[in-house]
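Let me begin by presenting the structure, written as structure tokens, before commenting on it.
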Amino acid sequence: SGFGGFSFSSFTSKLQEAGEKVKARVNEIDTTKIKENLAKARDSASETIAAGRVVAEAHLQETTQQARQLADRQTKHLSKVNTKSLLNSNANFGVPLESLAYRDHSGAVSEEANVPKALEMMISYLESSGPVTSAAPVSSLFSVTSAAAPGVAALVKAMDTNIASVNLSLQTEPSVVAALLRQWLVDLPEPLLTFGLYASFVAAFRSENTKDSMIEIAGQMPYANWIATKRLLTLLKTLHSTDPAGLHALALSFGPALLRPRKGLGGGVGGGSLRGLLEDLPLICDVSESIITHSAQIFEKYPEEEAAKIWEGVEGGGGGGAPASAA
């Protein structure tokens, strides 16, 4: 049929013909590349998702590790705090050694352990004053006299208030600073060689190879204790060299500050633990004499593997440590 010369059948035929041509043209198109590109896009998306997951997991692990390190750091900080240091951040007497060691000499918190400023001041004074002579032996330098008590008490108060204002060079009596040094050591909550290593040092003293055994045990000390002990023993060894007969007097004066067993509440040298300390004093003095005698070898160098462990904590944010070439 048609209308005005227009044939529907002809139109339909042409439309079908055009459709067949389009269909044939579509069949001629190579879809391989399209499929490859789609596969590549799919693979790329999968890789991107996987990479994103790895990054996210690594970030989560890093964040978790940082949180743990922060918790460890706070725990370590709290372990260095006692009642006195909480009440007085300027205190230098009766404060845990690590709390003092991780202050630099300006009083700011340090990531690296230092010889506590108070200890360095007192030792430097005694070294520069040259008090030990044949006329004034070690025994007289460290003899306990009531005359030194007021001066010691005044210096303790001053150093617990503002250590920067204290000038020990104005002291004319070395025995006052010597008594002050001993007071500082006795007031430490724990002896320099630590409660935990007391039995080990005694065993090393009783061993066939005392010096080498003590070197090994000293390497187990916390670095803050190690450097403070090394600094003190440098002074004691110098005094011993000047007055060889004064070795026992040095051991008697400083032995309980170097090492003692934990007896009684807190392990201090006062109160109920005093009787136990007196019972152990002869052994403490014998071990201390050996340590003073061999101090240069025992405290020659802090073990590199221990220093490395501490630096791992420093680099990870875990708190202060030892120089890589600690000596």
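The values are calculated or read from the model by the stated rules, or taken from the named source; none is laboratory data. Everything quoted here is computed from the prediction, not taken from an experiment. With ideal geometry, Cβ positions are generated from the backbone for all residues, glycine too; neighbour counts draw on all protein chains shown. For accessibility, only protein heavy atoms count, side chains too; no ligands or nucleic acids. Shrake-Rupley method; radii C 1.70, N 1.55, O 1.52, S 1.80 Å.
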Once both labels are modelled 7 Å past Cα along the beta-carbon direction, what's the residue 65-residue 38 spacing in nm?
4.3 nm
Length gain on complete extension for the stretch residue 278 to residue 161, per 0.36 nm per residue less the alpha carbon to alpha carbon distance?
38.8 nm
For residue 112, distant residues with modelled amide H under 5 Å away
321
Charges on Cβ only, +1 for Lys and Arg, -1 for Asp and Glu, centred on the Cα centroid of region 149-304; of 184, 290, 228, which one is farthest towards the dipole's positive end?
184
So if R0 is 25 Å, what FRET efficiency would residue 146 and residue 170 give, r being the distance between their Cβ atoms, rounded to the nearest 0.05?
0.70
Measure off, as a whole percent, the carbon and sulfur share of the 1.4 Å-probe accessible area of region 156-205, all protein chains present.
55 percent
In this model, which of 117/263; 117/211; 117/301; 230/263; 14/35 are farther than 27 Å apart at the alpha-carbon?
117/263; 117/211; 14/35
Assuming a ≥ b ≥ c are the square roots of the Cα gyration tensor eigenvalues, decide whether region 181-256 counts as rounded (a/c under 1.5), prolate (otherwise, with a/b larger than b/c) or oblate.
oblate
